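A.B. asks: Here you go, one structure.
Derivation of every value follows stated rules applied to the coordinates shown; laboratory data play no part. All of these numbers come straight from a predicted model, not from anything done at the bench. Please note: Cβ atoms are built from the backbone with ideal geometry, for glycine as well, and neighbour counts cover all protein chains shown.
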Amino acid sequence: MLYGVTEFGGSGPCNTFGFVGCGTVYKVALNPPSETVLYNFPGPAFPIVQLLEQGNSLIGSTEFSGTVQSPAAGTVFNLVGGNETVLAPSLAVTGNMVALDGAIFGTAGPGNGIVFKLTPPANVMAFWTVKTIYTFKGGSDGSTPNGLVYSNEAFYGTTQAGGPNGAGTVFKVTRQGVETVLYAFCSQPSCADGALPLAGVIVANGALYGTTRNGGNGQGVVFKVTPHGESALYRFCPQAPCVDGAYPYAGVIEVDGSLYGATAGGGTANFGAVFKLSL
């Protein structure tokens, strides 16, 4: 079973940018293929972050509160059996979350962004407690983080901007809140190493893998970061008309020794492409 969210659509009374509905949570069965809407958000919520599966719970985040459209009014929600509860109000989550030791870790805005920890309350009717582990300063440490992954007693992620070159970073944050920039993008001439990542990283084979929206040939790269440095594994659009894809906004997944992802542009119809990259 696959679970996910749609930013728009559903039966909610929203009409935003021509899209009807306030967003949904859905599941997809593979055999036979079928889709079921598990929840329709009743107000302007607009979920945009990948769901976190915890037993019977689906934990996610909305861009807005469901009652007011404010950049700081996002929520973290829990969906169990079609019933939604808000775990944390006024938390604008910016990427994938991690469940660890009964707590939830992630990144959020506004401003330059934070790494946060959510812990459950003693009173089940109360909101979860939000603790800021690290606050990005927007300088060499990076700005606007894209979510987290956990490996070897630390969290890893990317920032869309900031860093020594202003083109984003790959970072590490310990559970104690010590942040280290592992790599700063655009450290090579013409940003051949990539620039401005819009998604987080994955851990595979002892390395970090991800994408940048720009850099390379100008249309983004797939990158690898190890303790020895960064390498651009693939630079999109080596020649026009970019049939291999261009501008990877999302990250990658690893399956059986290959990376899979998607681009927002390029492809044979110039509406994007799904790609596979062998490691």
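A.B. asks: Excluding THR212 itself, calculate the net charge of residues whose Cβ lies under 14 Å from the Cβ of THR212, where each Lys or Arg counts +1 and each Asp or Glu counts -1.
C.D. replies: Details: positive: ARG213, LYS224, ARG235; negative: ASP193, GLU230.
Within the 14 Å Cβ shell, the charges total +1.
A.B. asks: Same structure, new question: May I ask you to evaluate 6.51 cos²θ - 1.76 cosθ + 1.60, the Karplus curve with θ = phi - 60°, for each residue of region 249-263 and list the ³J(HN,Hα) values in order in whole Hz, giving x for glycine and proline?
C.D. replies: Once θ is set to phi - 60°, the couplings for region 249-263 become 7, 8, x, 10, 10, 10, 9, 6, x, 10, 9, 10, x, 9, 10 Hz.
A.B. asks: So, one more: Say a site is exposed when it is one of the chymotrypsin sites (Phe, Trp or Tyr not before Pro), sits in a DSSP loop, and has at most 15 other Cβ atoms within 10 Å; what is then the longest site-free stretch of the chain?
C.D. replies: Details: sites that count: PHE17, PHE271.
That gives 18-270 as the longest site-free run.
A.B. asks: Would you order CYS186, CYS22 from fewest to most other beta-carbon atoms within 10 Å of each residue's own beta-carbon? Intermediate results must be reported in sequence, preceding the final value.
C.D. replies: Values: CYS186 21, CYS22 27.
In increasing order of surrounding Cβ atoms, one gets CYS186, CYS22.
A.B. asks: With +1 assigned to the C-beta of every Lys and Arg and -1 to the C-beta of every Asp and Glu, and no other charges, what is the dipole magnitude of region 185-279 about the Cα centre in debye, to the nearest 20? If you can, show how the numbers build up before the last one.
C.D. replies: Values: 4 positive and 5 negative charges, 24 e Å.
Result for region 185-279 is approximately 120 debye, rounded to the nearest 20.
A.B. asks: Give me the count of lysine pairs in the chain whose alpha carbons sit under 29 angstrom apart, restricted to pairs 8 or more positions apart or on different chains.
C.D. replies: Going through the chain pair by pair, I get 12.
A.B. asks: I would also like to ask the following. Once Lys and Arg get +1 and Asp and Glu get -1 on their Cβ, which of VAL130, LEU51, VAL86 lies farthest toward the positive end of the dipole of region 19-150?
C.D. replies: VAL130
A.B. asks: Expressed as a rounded percentage, what relative contact order does the chain have, with Cα pairs under 8 Å and six or more residues apart? Don't skip to the end; give the middle numbers.
C.D. replies: Working: 834 pairs, mean separation 21.3, N = 279.
It comes to 8 percent, rounded to a whole number.
A.B. asks: Hey, another quick one. Just the projected area, averaged over all directions, of the convex hull on the alpha carbon atoms of region 185-279: how many nm²? Could the numbers behind the result be given before it?
C.D. replies: Details: hull surface 22.2 nm².
In nm², the orientation-averaged hull projection of region 185-279 is 5.5.
A.B. asks: Where the only charges are on Cβ atoms (+1 Lys, Arg; -1 Asp, Glu), what is the dipole of region 1-156 about its Cα centre, to the nearest 20 debye?
C.D. replies: Values: 4 positive and 8 negative charges, 39 e Å.
The calculated dipole for region 1-156 is roughly 180 debye.
A.B. asks: Now a separate question. Based on C-alpha coordinates, I'd like the Rg and Dmax of region 1-129, in Å.
C.D. replies: Rg and Dmax of region 1-129, Cα atoms, are 14.4, 45 Å.
A.B. asks: Here is a further query. Could you go through region 206-221 in sequence order and give the Karplus-derived ³J(HN,Hα) for each residue, using 6.51 cos²θ - 1.76 cosθ + 1.60 with θ = phi - 60°, rounded to whole Hz, and x for Gly and Pro?
C.D. replies: Using θ = phi - 60°, the values come out as x, 10, 9, 10, x, 10, 10, 5, 10, x, x, 8, x, 10, x, 9 Hz.
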